Amino acid sequence: MSFDLARFHAAFFAESAEQLDAMEAELVRWNPDEPSREAINTIFRAAHSVKGGSATFGFADVAGLTHLLETLLHEVRSDRRALAGTLVDLLLQSVDCLRDLLSGHQQGGDPDLARLAHLTGELEKLAGTGPEPAAVAAETPAAIRQRRWRIAFRPSLAMMQRGNDPFRFLRELCELGTASVETHLGRLPELADLDPESCFLDWTVNLATEAGEAEIREIFEWVEQDCELEIEDADAQARKPAVAAAIEQDPAGLATSSIRVDVDKIDQLINRVGELVVTESRLRQLLAEAEESEFSPRRQALEALSTNIRDLQESALQMRMIPLSFAFHRLPRLIRDLAAELGKEVTLEISGEQTELDKGLLETITDPLIHLVRNAVDHGIESPERRLAAGKPARARVSVSSYYRGGVVVIEVRDDGRGLDPVRLLERARETGEVGPEDSLPEADALNLIFSPGFSTAEAVTDISGRGVGLDVVRRNIQRLGGRVAIDSEVGTGTCFSIEVPMTLSIIDGQLVRIGDGLFVIPVLSIIESVQPDPANVETVAGGRTLYRFRGGVVPLLDLRETWDLGTARELEESMIVIVERGRQYFGLCIDELLDHQSVVIKSLEENFRRVSGLAGATVLGDGSVALVLDVGSLGGMLGDRRQRQRQPAAAAD
Amino acid sequence: MPSILAVDDSASLREMVRFTLSEAGFDVLEAEDGVQALEVARKTLVDAVIADVHMPNMDGIELIKHLRALSGYKFVPILMLTTDADSNLKKEAAASGATGWLVKPFSPDRLLATVQRVLE
């Protein structure tokens, strides 16, 4: 289970926006001559809920302001203050200010802090003229229900050597209520025998609190065996039974424009729709077998059904899509902190934050993205002095952008820093043995060395990115999603990493093919062209590799019949070649037959069997048979491996 | 920023711990088992350790004993990840030098609160 705190933030921002809208609407409608209790409650609840959330998620500025609002509104609600004139104006201004602060947290940008300070001042002035809040608190029934406890706490001598600080327990006790603490020095030895690593003190705490014995005991849970603990009820006299606090009944909740749904439920829906797609293919096939005419009523009904199923499928998938702004909103803060820490000047530009991506993908992509941004600031960008010396502006630019391309989402992290020097990368790779001493690599391949495990060209390992988790992990995580990451760089000008991930993982547009005696699906997105091979275009080169001349270049061919032993190998002339794209490289897959083109629902092999390199999953076809879905990315890797081995036969030991 | 060493053989749990804590501003180092954790601890003095009990190669209890013997780790808070059923393990962990524990499953909030508690 992977966990993403940002998703709570997302929910919190959505909630807060709704609450603030509701608050604003009531305030605008508000007529002091006809006060409505309902409206006051709505306004109060909005402030209260935004305060609660913001305090939980650590947005102190929002929490501070809403706390003031809540105090004032509490007075309004208990008829001790009129909601009129200045207060209404200030509340409306507060709504604006809160929106500003929240969007600052959500998307970056600079909230108007002067306005916040001014508003806080005004509200405090107003609150100061009202009744003392502490006096109100003293009247609450809670004060009556307090009990007094006497707690004797004697830690073992060795307690601190297990990382437990006795003072922490005392502090936590004090936080439960009002406490007085007596320290006992009885165990203190002579100075000469005083071991600074042992705890010789013990304490008695007199505590007045609403908490019960279980809550007090819970504080000491970790050190139960590591201390002596006595908890006594100090005023044992029978007390009158506590008055049950009146539970405030919230009137019907606000009508909201969004509801939160468990992701599992959405996934269930998507799965069901997937099954529906399979059934539809089955129907289609049956009608075809029955040689039903194109215009028969059954055929027409099926077409209508298909259209609806497609729409349903799209809507269901859409539910899992969330905008990339949820990943991007952390970047401004990150950049600010990093730049300050490193003494660099950096401007962050973000675009395309509305591009939507499957939720699971977005969560998994966030960390690699942050890693790339950190890298850009840490390694990519030079110090202001160096930049000036190189004739660049002192302030560097990092831009993060995203957009759709075909069925994939592209996210680019671009900096205008020093760039990567392929020559240095190659030297470094020779030092580490990644590349043989005599081998040379084309520039693009040399740049890709940066993704090798344990590879770093940073002169000094800084504590920003030099943490042993390198770009190899970034690449692996992205590839695991069926995506890829590419690098482009020019010395002195900058570096651009581009991440490509599919928009969704569960359904793809597939081309069904037969390879040997197996059925396979090739994702249509990666197909460039299918060709009937012309023998004149086939070339066999050293090492037994076969190349095919295509669009003025040559592409390597992969014959899975051979690699996976799928029945008898056939002559190339009797096969077809599907040219597929992997990154910027093409390669050809030799197949026996092109079959249908259909949407397929991918079922995980990993969950039902195990992970197989070269396969993205399996799918059930209309007639109930199973086809395996090819993973073009890792198939291309199989070609890459082979090339690697040919280049450096000595290193094949691994 | 304080650094935390998260030790667990489950990558997803490490991921959750790392995500939660790094979101809160901690610097999180990771190890897959006790052996790796000791390697990290020998090189870097972290501010707190969070370790699973059941791990291959070297389990959490063994790790605590080794850590406590390491110079600099005498007073460092070490939290164990256990399940509720492991009440004997809790005792064993405490006896081996664990500062406290966190019962699985736990929410990010609880994890954060516990870590902040020992680092206060």
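Below is a table of values for the structure above.
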| read-out | value |
| --- | --- |
| Cut-off 20 Å (backbone N to label point 7 Å along Cα→Cβ of A:Ala390), residues of region A:346-361 | A:346-349 |
| Loop-resident sites, region A:292-371, for GluC sites (Glu not before Pro), counting at most 12 other Cβ within 10 Å (DSSP) | A:Glu294 |
| Kirkwood hydrodynamic radius (C-alpha pairs) into Stokes-Einstein, chain B, 20 °C and 1.002 mPa s, D in µm²/s | 155 µm²/s |
| Per-pair calculated FRET efficiency, R0 = 60 Å: A:Ala117 and A:Thr307 via Cβ, rounded to 0.05 | 0.55 |
| Convex hull of Cα atoms in region A:260-404, direction-averaged projection (nm²) | 13.0 nm² |
| Viscosity 1.002 mPa s, temperature 20 °C, Stokes-Einstein D of region A:496-542 from Kirkwood C-alpha radius, µm²/s | 150 µm²/s |
| Cross-link reach list, aspartates and glutamates versus A:Lys392, counting only Cα pairs under 14 Å and skipping chain neighbours closer than eight places | A:Glu345, A:Glu382, A:Asp415, A:Asp416 |
| FRET efficiency, 1/(1 + (r/R0)^6) with R0 22 Å, evaluated for A:Ser613 and A:Gln585 via beta carbons | 0.80 |
| Helix A:471-480 axis, angle to chain A major axis (alpha carbon atoms, nearest 10°) | 80 degrees |
| Cα-based Kirkwood hydrodynamic radius, region B:42-82, one decimal, Å | 10.5 Å |
| Nearest-ten-degree value, helix A:331-342 long axis tilted from longest Cα axis of chain A | 80 degrees |
| Net lengthening on full extension, A:Ala542/A:Ser383 (0.36 nm per residue, minus Cα-Cα) | 52.4 nm |
| On Cα atoms only, tilt of A:263-289 relative to the major axis of chain A in degrees | 30 degrees |
| Which listed pairs, of B:Lys65/B:Lys91; B:Lys65/B:Lys104; B:Lys43/B:Lys104; B:Lys43/B:Lys90, have C-alpha distances above 19 Å, in listed order | B:Lys65/B:Lys104; B:Lys43/B:Lys104; B:Lys43/B:Lys90 |
| Sum of -39500 (n - 2.57) over DSSP H runs of 4+, divided by residues of chain A (222 nm, nearest 500) | -13000 deg cm²/dmol |
| Taking region A:14-71 and dividing mean pair separation by its residue count, relative contact order in percent (alpha carbons under 8 Å, at least six apart) | 33 percent |
| Length added when fully stretched, A:Asp623-A:Ala82, from 0.36 nm per residue minus Cα-Cα | 187.5 nm |
| Column: log10 I(q)/I(0), Debye, Cα scatterers of region A:520-637, q = 0.11, 0.22 Å⁻¹ | -0.38, -1.40 |
| Viscosity 0.890 mPa s, temperature 25 °C, Stokes-Einstein D of region A:477-520 from Kirkwood C-alpha radius, µm²/s | 181 µm²/s |
| Contour minus Cα-Cα distance for A:Gln225 and A:Arg476 (0.36 nm per residue) | 85.8 nm |
| Per principal axis, descending, Cα span of chain A in whole Å | 100, 82, 57 |
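Only the coordinates and a few stated rules stand behind these numbers; no lab work does. Please read all numbers here as calculations on a predicted model, not as lab measurements. All Cβ positions, glycine included, derive from the backbone under ideal geometry; neighbour counts span all protein chains shown.
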